[in-house]
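For reference, the structure is listed below as structure tokens.
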Amino acid sequence: MTQEWDAGRLDSDLEGVAFDTLAVRAGQHRTPEGEHSDPLFFTSSYVFRTAADAAARFAGDVPGNVYSRYTNPTVRAFEERIAALESAEQAVATSTGMAAILSTVMALCSAGDHVLVSQSVFGSTISLFEKYFKRFGVQVDYVPLANLSAWDQAIKANTRLLFVESPSNPLAELVDIAALAEIAHAKGAMLVVDNCFSTPALQQPLKLGADIVVHSATKFIDGQGRCMGGVVAGRSEQMKEVVGFLRTAGPSLSPFNAWIFLKGLETLNLRMRAHCANAQALAEWLEQQDGIEKVYYAGLDSHPQHELAKRQMRGFGAVVSFEVKGGKEGAWRFIDATRLISITANLGDSKTTITHPGTTSHGRLSPQEREAAGIRDSLIRVAVGLEDVADLQADLARGLAAL
Ligand SMILES: *Cc1c(COP(=O)(O)O)cnc(C)c1O
């Protein structure tokens, strides 16, 4: 039987509350059933009381759901929670992280527009720009992430978007997001940040001046390697275009995945703090070891942009990369000697993963392109999970012993 609720108790009062509280409570609209967890609306369509009601909802004259490609209450709860965490006016969820990037560019760019992309972005992002957007007349150039004057010089009259990932993968380079946003805005362009590696728990690009944030929710937002999804967040003006594309083209998020992500967000900050603490401890330990030539982690004093990282991030993330002695053979021996850590290129999971970028994520690049990108044969990337750090260190010590 439906409980009688005082209408004031259906939603939480979130006026002025902190990040952790928003991560647990934002976006939930409790139904009259009084459920304490988030309700899962597994329905593709919605019924109307009358023909006139249907007409009004289709016309958008009254709010309400019509079809789950457009809106679904569980998906909307996830969108509202992400918007709260990213300090965005609006967020919209997508079926994958790539669908978030696709929808952003499709919504905001036309044939003849120019886009600048940082050199070190996710492999499928480069393929999307190179193989597909270029076919539809979008011009694309690549800029070294950290070099602000190179960005400034590369902007043309028709530059519409600057697209960056900071910190970069796998070498943990950063760009000063606030400075880059100013450069973009001075020339009438927008700054898009793929915030997947940091999540809003560690970095809030919109607060730093970026216009749009995209995520693969598949990574840390889920956090336990269960399902695919993405999200775009920004100001209403731009989001209106993104929402329009998404509702028409249809890479919408499944309500089930949205429900999983809502659960993931409840522990996001706790998990990110634990990921960062493990990563920091391992990075510091690796830096002391004989077999290690160089460690790339923004939390280290030795990182050339450590001060910038402290300024624009609340933690330095889970990805630690390092070069070992012995080139590719050394790196492969190191990886093969681990017994606990999973050999896979995925990240953002409670399980720690290890990979050799030179022959996996960056394997299709020519040796010259790899050299230019700083991806040495001796480079290993570890995406640090939530296991006990002593066990992770012992596993990496097996790798060191095999060098
Ligand atoms: C994984 C990833 C993506 C793509 O996300 P999917 O959910 O796999 O489509 C985009 N950007 C970054 C930085 C990623 O790590």
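Some notes on this structure:
- For segment 40-55, 3J(HN,Hα) computed residue by residue from phi via the Karplus equation (6.51, -1.76, 1.60; θ = phi - 60°) reads 10, 9, 9, 8, 8, 9, 9, 9, 10, 6, 8, 4, 5, 4, 4, 4 Hz, glycine and proline entered as x.
- At 0.692 mPa s and 37 °C, Stokes diffusion of segment 285-336 via Kirkwood alpha-carbon radius, µm² per second: 269 µm²/s
- For segment 17-78, diffusion coefficient by Stokes-Einstein and Kirkwood Rh (Cα), 20 °C, 1.002 mPa s, µm²/s: 160 µm²/s
- Sum of -39500 (n - 2.57) over DSSP H runs of 4+, divided by residues of the chain (222 nm, nearest 500): -11000 deg cm²/dmol
- Part-to-part distance (alpha-carbon centres) for segment 179-247 and segment 248-279, which is given in Å: 14 Å
- nm² value of the averaged projected area, convex hull over the Cα atoms of the chain: 21.5 nm²
- Global form of segment 159-243, assessed from the alpha-carbon gyration tensor, a/c cut-off 1.5: oblate
- For Gln90, the residues whose amide H sits under 5 Å from its own are Gly234, Ser236, ignoring neighbours fewer than 5 places away on the same chain, with H placed 1.01 Å from N.
- Given +1 at the Cβ of Lys and Arg, -1 at the Cβ of Asp and Glu and no other charges, the dipole of segment 270-402 around its Cα centre is 360 debye to the nearest 20.
- Here the calculated FRET efficiency for Arg339 and Gln368, from their Cβ-Cβ distance with R0 = 45 Å, stands at 0.80, rounded to the nearest 0.05.
- Check: segment 8-266 dipole with +1 on Lys, Arg Cβ and -1 on Asp, Glu Cβ, in debye: 700 debye
- Helix 73-86 axis, angle to the chain major axis (alpha carbon atoms, nearest 10°): 50 degrees
- Listed by chain and number, the aspartates and glutamates placed with their C-alpha closer than 15 angstrom to that of Lys187 are Asp113, Asp152, Asp211; residues fewer than eight positions away on the same chain are left out.
Here, each number is a calculation from the coordinates, and none is a lab measurement. This one's a predicted model, so the numbers in the text were calculated from it and none came from an experiment. Cβ coordinates were reconstructed from backbone atoms using ideal geometry, including for glycine residues, and neighbour counts include every protein chain displayed.
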